[in-house]
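The values are calculated or read from the model by the stated rules, or taken from the named source; none is laboratory data. Note that the coordinates shown come from a computational prediction; the quantities given were computed from them, not determined experimentally. Neighbour counts run over all protein chains shown; Cβ positions are idealised from the backbone, glycine included. These accessible areas exclude ligands, DNA and RNA; they are computed on the full protein's heavy atoms, side chains included. Shrake-Rupley method; radii C 1.70, N 1.55, O 1.52, S 1.80 Å.
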Amino acid sequence: MATAEVTEHHDDHGHHDEGFVKKYLWSTDHKMICFQYMFTGIAMGLLGGFMAYAFRMQLAFPGASVPGWGGVTPADYNSLVTNHGTIMIFWVAMPVLIAAFGNYLIPLMTGCDDMVFPKVNRLSFQIFLLSAIVLLASFFVEGGGFGGAWTAYPPLSSKPEYSLTPLGSSLWLVAVGLEFIAFLLGGINFVTTTMNARAKGMRLYDIPIVVWFIVIASILFMASVGPLVAGAIMLLFNQNLGTGFFDPDKGGDPVLWQHLFWFFGHPEVYVVLLPAIGITAEIITTFARKKLFAYKTVLNTAIATGVLSFTVWAHHQFVAGIDPRMANVFTISTLLISVPVAEMIFVYIATLYGGKITLNTPMLWALSFIFEFMIGGVTGIFLGASGSDIYFHDTYFVLAHFHYTFFPIAIIGSFAGITYWFPKMTGKMMNDTLGKLHFWITIITFNLIFIPLFVLGAAGQHRRIYNYEHFPDLAGGWMQDLRVLATVALLVMLAAQVIFFFNVFISLRNGKKAGNNPWKANSLEWVAPSPPGHGNFAELPNCYRGPYEYSHPDREDDYWPQNEPA
Amino acid sequence: MTARTGASLRVVTNPQPPIVPSALLGMLLFLFTELMLFSGLVSAHGIARGSALLWPPPGQPRLPVEETALNTAALLASGVLLYFSQRAYRRDRKSAQPWLTATIALGTFFVVFQGVEWVALVGEGLTITSSTHGGFFYLIIGVHGLHAVGALLVLGMNWLRLRRGVLSQSTFAAGQAFWYFVVGVWPVLYWRVYG
């Protein structure tokens, strides 16, 4: 597999007049593969947003016919929430943050012409696309899409008489499995390219933080995905061959799945967090015109976070019947992991401190990432402590908590990256006024959706109920008002995304020419033309220093590109 | 501070050859993931086995421990042969060919032997659904068998390249890493599953 690619690597360059298929669908160019991942991810994101719209409408106005969907049945509701979660994590956060930005940034920021294994890279996207098609197909089979929640706990997921989706649940598993193969192939490329193909003179500590973080995230993914694949094969066998790995009647253990799932599931949070927080590092150093505070500390902190993330998984299972003494251990490790993450946030604040801050659209996204993610982190402490988690478990408090982590990661992080690198990707500047309008509406509505859900969760609203009218204590009065508020905020947020697409369209048509380095940033991607052509650089750059030399006292300019000789 | 002053003094030198060649590094990353896959399988098996009162469950055939010991020896021997093939490759590329042929032959013997064992065990009533014991046996040994077949295919491609004289050191190293992984993980599986 990987071995055969090396020798053919260099032959791929030099064909410049390819046809449409070769250029857009069969390309081995890392930038085109970035766009493939990004467009697929955004399309899936719109689908996931539409699903959220359908089930939020049902929660706010139970029983009403939802425009564009119709009546939401209990089976629909289960399928919608399951696939909303699955899509947003595996088909939006992963492809956009790791695959798209990883593909775009790693070769450009390390100053090389392409990935080390371009054909493996192409295969990675093709498998990813196939996985998306399999997932979409699962909505149209008998019984509809899988409805056993994105965590797929057995027996709900393993027995069709419980899940009522005999084919949907297997297709869901196959889709997730294919997607993992795609990201494994992508991750192999990211790590190998960063280690072996850097520009001349670029030492390990000269690599931009975002590249490091994508590499660490890829390694975390590789280390955590194996046990989940093992569990997924076992679950697939349970569904289709009649084995009983998770079935107590046949000598199996249902909690075993939860261990295998969360051994992957918790590091997965850091797999998507690290690229987002890395993107933030690039943006805040550029727009605060300051050197990143304590580069090596940030890097070591990320590695420590990665290692610790493998010791916290059972905090998802405090009510699953695990030994309370075990729960204590996982409580301690969970609270410990907030230390390195908090440290990163302090480092970012220290970077901002005293800087010449420009509040443009990418910077607003980056700053909001830090503050919104902090809310997610602080509320996580209540859930990491086993005592309070027993009360909060499976309430909307949990739901609001992880949306305060995943929304900043997947949505804010992606918008931050897209608005920051848009000039490089397209050669045009993005309209800042429209960008800010889109930013403010999205951020305000985001908080208006999820702060009410914190309140509802603390009041005891359980997560897995499709119609609260069946529960008189939860049905009327202020609780229903908050549900309606959250739903209306969601509607406004979804509508506001039109501004973003309009902005992209109008900026591509009428935007100001960006030039190579519109932000006066240091890292090597700004040396390449905008947009970079095939092979990226006219002449491969040399690297003389780290990427964050802003406002150096010996220089007139307040930036010092990595490729500029002293 | 030192980094700051050092930055202006640094002289760009030619890049060092990578510590690990790309083909081998890519393979090692893949094998790291697979190692975690086997860790997941073996620990799941350990939990099922640890919580059972009797293992193997009553009425289930016992696994052919002795025959498999012989097969284990064959697999380990193939690993040693591959090592000699690498040594021969360093001296004179052509002389690696017979060693590599022998490695692939012994590896194929291992896979076929496992297949014959499976047929016998199914005949004795151990199937994937007959118990968790059977389920885990076929799952873990089957996943290992698939890796063995995959690694044999990679070694086979190496063999063809070697015969045509185009086998590079790093490509061969990647193929070897894959086979050493298959050989190295097996004793653990033998101990956990058969033992």
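Can you tell me which residue is farthest from the other protein chains (Cβ to nearest Cβ) among those in segment A:262-273 that are open to solvent by 10 Å² or more (accessible area, probe 1.4 Å) and farther than 28 Å from B:G135 by Cα? Break it down into steps so the answer makes sense when it comes.
Taking segment A:262-273 as the starting set, the residues that turn out to be open to solvent by 10 Å² or more (accessible area, probe 1.4 Å) are A:262-263, A:266, A:269-270.
Cutting the leftovers down to farther than 28 Å from B:G135 by Cα gives us A:269-270.
Values: A:V269: 18, A:Y270: 16 Å.
Among those that are open to solvent by 10 Å² or more (accessible area, probe 1.4 Å) and farther than 28 Å from B:G135 by Cα, it is A:V269.
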Look at segment A:235-261 and say how many of its residues are within 11 Å of B:I128 (Cβ to Cβ), among the hydrophobic types (A, V, I, L, M, F, W, C) and buried (at least 19 other Cβ atoms within 10 Å of the Cβ).
-> 2
Inspect segment B:114-132 for any residue being within 30 Å of B:L167 (Cβ to Cβ) and more than 14 Å from chain A (Cβ to nearest Cβ) and give the result as yes or no.
-> yes
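Conditions tested, residue by residue: (1) within 12 Å of chain B (Cβ to nearest Cβ); (2) among the charged types (D, E, K, R); (3) over 19 Å from the mean Cα position of the chain (by Cα).
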| position | (1), (2), (3) |
| --- | --- |
| A:L260 | yes, no, yes |
| A:K290 | no, yes, yes |
| A:K296 | yes, yes, yes |
| A:V312 | no, no, yes |
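Determine whether B:S95 is small (G, A, S), touching a helix residue (DSSP H, G or I) at 6+ places or on another chain (Cβ under 6 Å) and open to solvent by 20 Å² or more (accessible area, probe 1.4 Å). Talk me through it step by step, then tell me what you get.
On the way: small (G, A, S): yes; touching a helix residue (DSSP H, G or I) at 6+ places or on another chain (Cβ under 6 Å): yes; open to solvent by 20 Å² or more (accessible area, probe 1.4 Å): yes.
When the stated conditions are applied, B:S95 passes them.
Do we have A:G244 as modelled with pLDDT under 95 and either assigned to a loop (DSSP other than H, G, I, E, B) or within 11 Å of chain B (Cβ to nearest Cβ) (or both) here?
Working: modelled with pLDDT under 95: yes; either assigned to a loop (DSSP other than H, G, I, E, B) or within 11 Å of chain B (Cβ to nearest Cβ) (or both): yes.
Taking the combined requirement at face value, the residue satisfies it.
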If we keep just the residues of segment A:529-566 that are among the aliphatic types (A, V, I, L, M) and either within 12 Å of chain B (Cβ to nearest Cβ) or touching a Leu at 6+ places or on another chain (Cβ under 7 Å) (or both), which is farthest from A:P518 (Cα to Cα)?
-> A:A566
Say we look at segment B:106-122 and pick out the residues that are among the hydrophobic types (A, V, I, L, M, F, W, C) and more than 20 Å from B:G135 (Cα to Cα); which of these is surrounded by the most Cβ atoms within 10 Å (Cβ to Cβ)?
-> B:F110
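Check A:L156, A:L105, A:L167, A:L135 and return the single one that is within 21 Å of the chain's Cα centre (by Cα) and closer than 23 Å to A:Q239 by Cα.
Numbers: A:L156 fails: within 21 Å of the chain's Cα centre (by Cα); A:L105 fails: closer than 23 Å to A:Q239 by Cα; A:L167 fails: within 21 Å of the chain's Cα centre (by Cα).
Every option except A:L135 fails the conditions.
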A:P531 fails exactly one of (1) more than 24 Å from A:K23 (Cα to Cα); (2) open to solvent by 40 Å² or more (accessible area, probe 1.4 Å), namely (1)
Within segment A:179-196, which residues are closer than 18 Å to B:A174 by Cβ and within 15 Å of the chain's Cα centre (by Cα)?
-> A:G187
Counted residues, segment A:350-378 - those being in a helix (DSSP H, G or I), more than 23 Å from the chain's Cα centre (by Cα) and of a type in the set (A, V, I, L, M) | 2
Could you say whether any residue in segment A:106-117 is of a type in the set (S, T, N, Q) and part of a helix (DSSP H, G or I)?
-> no
Across (1) assigned to a loop (DSSP other than H, G, I, E, B); (2) within 23 Å of A:F293 (Cβ to Cβ); (3) more than 14 Å from every other protein chain (Cβ to nearest Cβ); (4) of a type outside the set (S, T, Y), A:N522 clears everything bar (3)
Does segment B:147-154 include one or more residues that are open to solvent by less than 20 Å² (accessible area, probe 1.4 Å), part of a helix (DSSP H, G or I) and at pLDDT below 95?
-> no
Out of curiosity, is A:A43 open to solvent by less than 10 Å² (accessible area, probe 1.4 Å), closer than 25 Å to A:L184 by Cα, under 17 Å from the mean Cα position of the chain (by Cα) and not acidic (D, E)?
-> no
Which one of the conditions (1) modelled with pLDDT under 90; (2) more than 16 Å from A:L108 (Cα to Cα); (3) of a type in the set (A, V, I, L, M, F, W, C) does A:F502 fail to meet, given that it meets all the rest?
-> (1)
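Residues checked against (1) assigned to a helix (DSSP H, G or I); (2) surrounded by fewer than 21 Cβ atoms within 10 Å (Cβ to Cβ):
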{"position": "A:P275", "(1), (2)": "yes, no"}
{"position": "A:L292", "(1), (2)": "no, no"}
{"position": "A:A314", "(1), (2)": "yes, no"}
{"position": "A:I332", "(1), (2)": "yes, yes"}
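State yes or no: is A:G144 on the phi > 0 side of the Ramachandran plot and surrounded by fewer than 24 Cβ atoms within 10 Å (Cβ to Cβ)?
Numbers: on the phi > 0 side of the Ramachandran plot: yes; surrounded by fewer than 24 Cβ atoms within 10 Å (Cβ to Cβ): yes.
For A:G144, the condition - on the phi > 0 side of the Ramachandran plot and surrounded by fewer than 24 Cβ atoms within 10 Å (Cβ to Cβ) - is met.
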Confirm whether B:G46 is without any contact (Cβ under 8 Å) to a residue 24 or more places away in the chain and either closer than 30 Å to B:V166 by Cα or more than 16 Å from the chain's Cα centre (by Cα) (or both).
-> no
Determine if segment B:175-188 includes at least one residue that is closer than 17 Å to B:S78 by Cα, β-branched (V, I, T) and within 13 Å of another protein chain (Cβ to nearest Cβ).
-> yes
